[in-house]
Every structure is written in structure tokens, then in C-alpha cells.
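The values are calculated or read from the model by the stated rules, or taken from the named source; none is laboratory data. Computed from a predicted structure; not experimentally measured. Using ideal geometry, Cβ is built from the backbone for each residue, glycine included, and neighbour counts are taken over all protein chains shown. Areas reflect the complete protein model, heavy atoms only, side chains present, ligands, DNA and RNA absent. Shrake-Rupley method; radii C 1.70, N 1.55, O 1.52, S 1.80 Å.
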Amino acid sequence: MALSGLDIYKLLPKTNCRQCGLATCLAFAMQLAKKALPIEKCPFISGEAKSILEAQALPPIRPIILGSNESKFEIGNETVLFRHEEKFRNPTGIGFIIDDSLSNEQIKTRLAKINQLKFERVGQSLEVNLVALKQNKDAERYLEATKLILNHTSRQIMLMASDLPALKQAGQIAKERAPLLYCATENNFAQIGAIAKELGLPLVVVAQDLDSLSRLTRELNALGVNNLVLDTGSKSVADKIWDLTQIRRQALKKSNRALGYPVLAIVEKADPYEEAMEATAYIAKYAGIVMLKGTEAWEVISILTLRQNIYTDPQKPLQIDPKLYPVGQVSQNSPLLVTTNFSLSYYTVLGEVEASKIPSYILSVDTQGMSVLTAWAAEKFNPEAITKSLETSGVKDVIKHKNLIIPGYVAMMSGDLEDQSGFKIIVGPKEAAGIPAFLKNLN
Amino acid sequence: METQLVLEKWPGAVSTVSIGAKKEEGGTRSCSIKIGGESALPLLFKEGSIPNKPKIAFEVWDIAPCDWPEELLAAYGEEINDPLAWADKCVNKYKAELLCVKMQGAHPDFGNKGTGESAKFISRLLSRVNVPLVIIGSDDDTKDNLIMPAVSEAAKKERCIIGCAVQDNYKTLAASALADGHSLIAQSPIDINIAKQLNILISDMGLAFERIVMDPTIGALGYGLEYAYSIMERARLAALSGDKTLACAFICFIGQEAWKTKEAKSSIEQGIVWEAVTASSLIQAGADLLVMRHPKAIEKVNNFIEILYSTPRL
């Protein structure tokens with residue numbers, strides 16, 4: 001729970017010395033509560049008060065950066081329980097577990113598949129993030145497999161080994177890539193904590209219940225290891241959702257530092273449909289990392305798409321630049337279609353225009369990211385806005401005709417739009433799926 | 001335990017809706033299915049009562065479907081061209097617990113079937129299958145206002161859910177639900193205020209909140225799912241906090257949205273997983289009744305619901 005200005009005031013010297021630049025300690029406390037001034041502005045603050053206020057300033061869920069290269073990513077640093085309260089910030093990292101008992105060829109094949117798991121959706125690139133190497137054989141094999149993985153993927157690395165000397169050596173080999181170490185338990189935390197500290201690597205902490213987990217994170221903090229990821233082990237989906245929810249609430253509602261870390265969940269289903277449903281449940285319910293087995297593109301894209309949906313900022317719909325977009329080898333006679341600048345509207349229309357193989361122009365009108373009907377209702381996609389867009393986008397410089405295709409759902413504006421724009425209005429299909437047939441039958 | 005759990009105790013609960021009336025209740029259905037009734041957020045079993053699992057209704061039409069992709073049609077085989085045989089196959093082969101019948105054939109563009117014909121179809125369907133029914137119109141308001149009263153009457157006392165009432169067209173349907181003992185779907189366009197307003201308008205006509213099922217209008221995975229997801233979370237939080245005007249169970253039309261997408265048409269696995277993940281994700285937001293299309297997607301989601309609900313919990 002955030003401290004109020006009055007709470008902070010109680011920790012200040014209350015001398016109104018003005019050294020901070022403000023007239024009273026209370027005024028300074030109010031500024032601190034808003035995080036508008038740094039605590040250092042007060043030269044007389046006690047060490048104890050300073051540490052309380054500094055802890056207060058830390059994010060409730062520690063941000064953890066995974067990896068070091070261009071595909072590094074941050075997890076944690078979340079601030080809400082429900083996305084409508086603000087937004088979910090750092091999309092769940094999606095990873096794959098590879099067993100070192102596979103042959104080198106099998107590992108390479110799996111990595112090649114994982115490396116190809118990249119998709120484009122509504123103008124965003126969707127990628128998977130992690131590869132974990134799980135130890136099943138001896139140390140020598142583990143190190144060999146570690147090198148293989150380092151050489152064959154640029155995804156971030158997680159090292160899962162119970163043999164700590166092997167884990168340490170693998171960590172040294174992979175140090176440049178800042179791998180995530182797995183895992184600290186009640187039995188090994190001192191030793192693995194020392195390795196994580198020496199190599200400066202983040203560490204996963206595993207315990208079945210929240211008490212044990214809290215004890216472990218405190219022990220590790222005492223050893224100077226602070227970049228932690230939590231895992232509550234193997235349990236039922238409902239129990240896992242309970243743990244994920246409870247850990248998020250502990251961090252946000254009780255400022256429980258011992259549990260203020262992102263959480264990793266491992267999905268252990270063999271059936272790809274079940275795996276996708278379980279993985280997406282954890283993405284929706286707060287997981288920082290979800291580890292999978294399945295690498296089928298059709299399964300993984302469904303998981304990445306759900307992640308994209310859940311992590312979209314509810315206040316800022318995905319939008320594109322409102323302008324004229326040529327699709328294919330356009331000419332002066334190519335058809336002209338108009339839609340909004342809501343990414344989903346534009347990319348859906350784009351996909352269908354491409355599928356039609358008829359070169360066309362798409363005019364994207366600035367509707368501040370609203371979809372066709374919403375923007376129409378809000379008067380952002382009306383005859384005035386479309387006419388203005390026709391004037392300013394340079395349409396008249398690139399096409400010779402004066403025909404404009406509008407979405408079927410806004411057929412009612414045809415007359416007004418025709419009068420205002422001087423274009424002949426052609427009412428297109430209601431659903432984008434009808435565009436290919438529509439374009440083919442034009443003329 | 002040293003960690004003090006953060007437990008939410010909610011004053012409110014979602015109302016329970018029964019679908020289907022058995023013989024002793026004046027109907028002819030083999031069972032009565034309950035949805036809703038939860039006094040906790042989805043799957044947080046330790047914070048309240050979650051008495052009923054989410055249920056899946058197979059979507060069937062009164063005509064052969066006109067815009068379903070080939071792969072989806074293929075799942076039903078030849079029976080898809082004979083609506084009664086199709087419904088029969090859902091129940092007897094795929095063990096559907098519920099059917100959602102769409103009276104698409106009444107739509108002026110899809111056959112323009114008349115009142116008598118539509119009502120007769122429902123009577124024949126009721127004698128052909130004995131599972132509880134959800135019955136929805138053709139999406140043409142004018143036509144639906146003509147046929148739905150007769151359709152509703154043909155299923156009188158069977159305790160169906162009928163729909164879909166919308167803000168500027170709810171009176172005819174609400175009157176039918178009231179007269180014939182059905183519950184009513186109140187559909188709002190991804191807008192919590194309209195959802196609330198519509199529920200109040202319907203309850204003002206005398207249909208209790210307990211007989212309203214809300215359709216928040218969902219988008220498929222990748223097609224605006226997150227809008228409905230958050231509207232549902234907000235409505236459910238309000239309901240649990242004690243707002244009776246939003247304390248209704250949710251119905252989500254998963255199949256019609258999922259099978260419209262480009263992804264669903266790209267491969268059959270992609271289509272099935274798209275429908276399944278759309279459904280399972282909305283269960284996380286509180287969906288109580290899911291209307292779905294592909295038998296395999298339905299089987300997978302049903303299995304997942306079993307996994308979610310049947311494991312021993314501390």
C-alpha cells in the first residue's frame with residue numbers, strides 16, 4: 001500500500017527548515033507522496049526513515065530483465081490486478097523446454113522450429129522468448145548441449161540443472177547471454193545463490209507454498225541475490241491460478257516484498273489444445289513466464305495472440321498512421337477503399353485486399369484508433385472526416401477516378417459523403433471477408 | 001501460515017439460471033441445467049461458492065449453414081443439410097448437453113421462413129431431441145419480432161433461453177419470455193453501461209434479473225477479445241460487489257466469432273484451437289454459457305473445464 005503524504009510527514013524531522021526548498025515539512029511530504037521530489041532533498045532525514053521511503057519508492061513487483069542481446073525483455077513491474085484498472089505492462093515471456101537427453105540433431109531440429117516461431121499480427125511482430133535446457137544426463141553432456149543451444153538460437157536462455165557444478169559451468173559459458181538459472185530450493189539455495197551472485201544472473205526460486213517461497217526469497221536477498229523469479233511447482237491448473245493471483249495480490253495489496261517478483265509457470269500437457277488453453281489461462285492470470293513443450297505454429301500463434309490481446313493498453317487501442325496505403329502494383333485506376341486507423345480494421349481490410357490480388361489503395365482515416373462502427377457513432381468516421389482525409393492524403397494526386405468504396409456498415413452516410421466529397425460512393429461488404437469477391441465483381 | 005492471504009469476501013453473487021424443464025416441471029426435457037450462481041471471481045474456489053461449471057451449447061440452425069467454412073461443415077457430415085438430423089447428431093453422437101438454435105432461415109436474405117414454419121420447426125426439434133434449448137432469432141429485428149413470439153410459444157414451459165434482446169428492440173422478446181416461462185438474452189455492444197441499462201429496462205417489464213442472461217458481444221481471439229474480456233471482468237466485479245443489475249450469468253457466442261476469422265479458415269487445427277482458446281480465455285473472465293461450433297473444439301474445452309473444476313483443492 002502506498003504511503004500517504006501524512007504517513008510520510010510522520011517520518012520527516014518536522015522542523016520546517018526549508019532546506020528542501022519548500023515552506024514546510026508537510027508540503028515536502030506531499031511532494032514525496034506524489035514522487036515529485038527525491039528524498040535526498042531533505043538533509044536531516046534519519047537513516048531509518050530514508051530506508052522506509054526508499055523501499056516505498058520501489059515497484060511492488062520487481063522488474064527482471066532477461067537476457068542481454070537485442071531480444072532481451074523485461075518481466076514483472078506490474079501494477080494492477082485487472083487490465084481495465086490501467087494496463088498490464090510487460091508481456092509474458094513464452095519459452096520452450098529442451099531435454100539434454102535428446103540427440104544433437106534432435107536439439108537442432110527443435111531449435112530450428114522454435115527460431116521460426118515469429119508472426120506478424122496487426123502490425124506487431126509476435127515472438128517467443130526463451131529456450132530452457134533441462135539436465136537429464138551428466139555434466140559433460142549438459143555443457144555440450146548448452147554450447148549447442150547458444151550457437152543455434154538467439155532466444156534467451158534458461159538453464160535447468162540439479163547438478164550445481166554443471167549449472168555453474170554452463171552459466172559461465174552462457175554468461176554473456178545472461179541466462180536465467182533454475183532453480184533454488186530449500187535444499188540448495190545457499191550454493192545456487194552463491195553461483196547466481198558470482199555470475200550476476202537472475203534465479204528462479206521454487207517452493208510449493210507461499211511461506212516457503214517467502215523464506216527462500218528472504219534468505220537469497222540476505223545473500224545479495226535480488227533478481228528472482230518465483231515458481232510454485234507442479235500443481236493443478238486451478239491451484240496454479242490461485243497461486244498466481246495470490247502472489248500478485250500480496251505484492252500489490254500488501255506490499256509484500258518477499259513475494260514481489262514475477263512468476264514462472266510450466267505447462268505439462270502433451271495435447272496441444274490443452275496446452276494452449278492452460279498456457280493462455282496463465283497469461284491472462286498474471287504469469288511472467290510460461291514454459292511449453294509444443295512448437296506447432298498453429299498452437300503457438302494462438303498463445304501469442306492471446307498475450308497480445310491481454311497486454312494491449314485498454315486506453316490506447318493499437319492504431320496505425322492515418323494515410324493512404326497502396327497495396328500491390330497500383331495504378332491511377334486502382335480501386336480506393338476507406339477504413340479507420342484502428343489497427344484491427346486496417347489489417348483485416350489489408351489482408352483481404354491482398355487476398356483478392358487486385359492492386360488497390362486503402363485510405364486510413366484518423367479515428368483515434370476507433371473501429372468503423374464505434375468511430376461512426378462518435379462522429380470520427382463521418383462524411384466530414386472522410387472528406388478531409390480525401391483532401392489531405394494526396395489521393396487526388398495518385399488516382400484518376402472518383403470512386404470511393406466504403407464499409408457496408410456505414411452505408412447510411414453515402415448520400416452526405418457523396419455531396420461533401422464529390423466522390424461517387426460505392427457501398428462495400430459489411431465484413432472484410434467479402435472484399436475479395438466484391439473487388440472481383442467491381443466494374 | 002505466516003503469509004496472510006489476501007482473501008476477497010464479496011457481498012454479492014451472480015444469479016442462477018435454470019435451462020430446460022423436466023416432465024415434473026411442466027416441460028419435456030430430460031434434464032435441467034444450471035448456470036451462474038457464483039459468489040467468487042472465476043476459478044478462485046477458496047473465496048466463495050462456484051456451484052456450476054461453465055456449460056457449452058452446440059450451435060445449430062434451422063437451415064443448412066450458409067457461411068460456415070468447409071472444414072467446419074465437414075465435421076458434421078451430411079446431416080448438416082438436414083437441421084433436425086444435425087441437432088440429433090449433436091446430442092446423440094457428440095453428447096451435447098445443450099443446443100443453441102439460430103432461426104437463421106427466417107431472415108429475409110436466407111429463406112424468409114414465415115411464423116408458422118418457424119414455430120413448427122421448434123416443435124419438431126423439441127420432439128426430436130430432449131436436451132434444454134437456447135433459441136435465438138435471425139439478426140433481423142423486424143422479422144424476429146414477427147416469428148419469435150410464435151417460436152417462444154411453441155416451446156412454452158420448456159424453460160428455454162430466448163434472444164437476443166437489444167436496447168432498441170427488447171419489448172417483444174421480453175414479453176414472450178415472460179408469457180412462456182423462458183429466460184432472456186440481453187445483448188449489449190461491448191458496453192457495460194448499456195448492459196446495465198438494458199437489464200433494468202427488461203426487469204421493469206416484469207422479467208426478474210434472475211431470468212436475464214447477458215451477452216456482452218465478444219470478439220474472437222485476435223479480433224477484439226480483450227474488449228469483451230475487460231467488460232466482463234468489470235461487470236462481474238460490480239455484480240460481486242452487490243450490483244444486482246449486473247448480477248446475471250454471461251452467454252458468449254464463441255463459434256460465430258471464431259469461425260469468421262482468417263486464422264480459422266487457414267487450417268482445421270488452427271480453427272479448432274482458435275475457437276477453443278477464445279472460449280477458455282473468456283471462461284477466465286466469467287463466461288457461464290458458451291455457444292460453440294466445432295465438435296472437437298467443444299470436446300477440448302469441455303475437458304479443460306473438467307480439469308479446471310475437478311482437481312482436489314486445499
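Details
- Area accessible to solvent at A:Leu81, 1.4 Å probe radius, in Å²: 20
- For the segment B:223-234, counting C-beta atoms of other chains within 10 Å of every residue's C-beta and taking the mean gives 5.
- Net charge in the neighbourhood of A:Pro383 (other residues with Cβ under 9 Å of its Cβ; Lys, Arg +1, Asp, Glu -1) is -4.
- Computed extension length for B:Lys157-B:Asp139: 4.0 nm, one decimal, from 0.36 nm per residue of separation with the Cα-Cα distance subtracted.
- For chain A, the alpha carbon convex hull comes to 193 Å³ per residue, rounded to a whole number.
- A simple spin-label model places the labels of A:Leu442 and B:Ala208 5.7 nm from each other, with each point 7 Å out along Cα-to-Cβ.
- Residues in the range B:17-33 reached by a label modelled at B:Lys95 [backbone nitrogen below 18 Å; 7 Å Cα→Cβ]: B:30-33
- Per-residue average of Cβ from other chains inside 10 Å of A:74-85: 2
- For the protein assembly as shown, DSSP calls about 20 percent of its internal beta bridges antiparallel.
- Most tightly packed first, judged by the mean number of other beta-carbon atoms within 10 Å of their residues, the peptides B:78-89, A:273-284 read A:273-284, B:78-89.
- The simple spin-label model puts a point 7 Å past each Cα toward its Cβ; for B:Leu84 and A:Gln191 those points are separated by 7.4 nm.
- Peptide B:262-271 has a mean shielding of 3, counted as Cβ atoms of other protein chains within 10 Å of each residue's Cβ.
- Above 37 Å, the calculated P(r) of the protein assembly as shown contains 49 percent of its Cα-Cα pairs.
- Segment A:Asn151-A:Ser103, extension gain: residue separation times 0.36 nm, minus the distance between their alpha carbons: 15.7 nm
- Measuring between alpha carbons in the structure, the pairs from A:Lys72/A:Lys285; A:Lys197/A:Lys316; A:Lys316/B:Lys196 lying more than 31 angstrom apart are A:Lys197/A:Lys316.
- B:Lys171/A:Asn77 FRET efficiency (R0 45 Å; Cβ-Cβ; nearest 0.05): 0.35
- With every protein chain in place and a 1.4 angstrom probe, the accessible-area ranking of A:Leu66, A:Leu324, largest first, reads A:Leu324, A:Leu66.
- 19 Å Cα-Cα threshold exceeded, pairs from A:Lys87/A:Lys380; B:Lys34/B:Lys89; A:Lys235/B:Lys46; B:Lys89/B:Lys265; B:Lys102/B:Lys143: A:Lys87/A:Lys380; B:Lys34/B:Lys89; B:Lys89/B:Lys265
- In the range A:324-440, the DSSP beta bridges split such that about 30 percent are antiparallel, to the nearest 5.
- Local net charge near A:Gln191, Cβ-Cβ under 13 Å (Lys/Arg +1, Asp/Glu -1): -2
- Working from the Cα coordinates of the range A:64-310, the gyration tensor eigenvalues give, after taking √(5λ), semi-axes of 25, 24, 16 Å in decreasing order.
- In Å, descending, principal axis extents of the Cα set of the range A:278-435: 56, 34, 24
- Heavy-atom accessible area order for A:Val398, A:Val237, largest first, 1.4 Å probe: A:Val398, A:Val237
- Hits among aspartates and glutamates - C-alpha to C-alpha of B:Lys55 under 14 Å, sequence gap 8 or more where chains match: B:Glu38, B:Glu97, B:Asp288, B:Glu299, B:Glu306
- Residues losing 30 Å² or more accessible surface upon assembly, the range B:33-64, compared with the chain by itself, 1.4 Å: B:Leu43, B:Leu44, B:Lys46
- When the inverse distances between all different Cα atoms of chain B are averaged and flipped, the Kirkwood radius reads 19.6 angstrom.
- Note on A:Lys113: accessible area approximately 90 square angstrom, rounded to 10, probe 1.4 Å, nucleic acids and ligands left out.
- Dipole axis of the range A:324-440 (+1 Lys, Arg; -1 Asp, Glu on Cβ), positive-most option in A:Ala355, A:Ile426, A:Thr340: A:Ala355
- Per atom type, the protein assembly as shown shows carbon and sulfur on 50% of its accessible surface, probed at 1.4 Å.
- For A:Lys430, the accessible area of its heavy atoms, probed at 1.4 Å with every protein chain present, is near 130 square angstrom.
- Estimated FRET transfer efficiency when R0 is 22 angstrom, pair B:Ser266-A:Asn115 (beta carbons, to 0.05): 0.55
- Accessible surface ranking for A:His401, A:His152, 1.4 angstrom probe, highest first: A:His152, A:His401.
- Take the Cα of A:Ala270, go 7 Å toward its beta carbon, and the backbone nitrogen atoms of the range A:87-102 under 17 Å from that spot belong to A:99.
- Sites B:Glu25 and B:Ala179, calculated FRET efficiency, Cβ-Cβ separation with R0 22 Å, nearest 0.05: 0.80
- Model label points for A:Ala378 and B:Lys46, set 7 angstrom from Cα along the Cα-to-Cβ axis, are 4.0 nm apart.
- The Cβ shell under 15 Å around A:Leu404 holds other residues with a net charge of 0, Lys and Arg each +1, Asp and Glu each -1.
- On full extension, the segment bounded by A:Lys10 and A:Thr24 gains 3.8 nm, given 0.36 nm per residue less the C-alpha separation.
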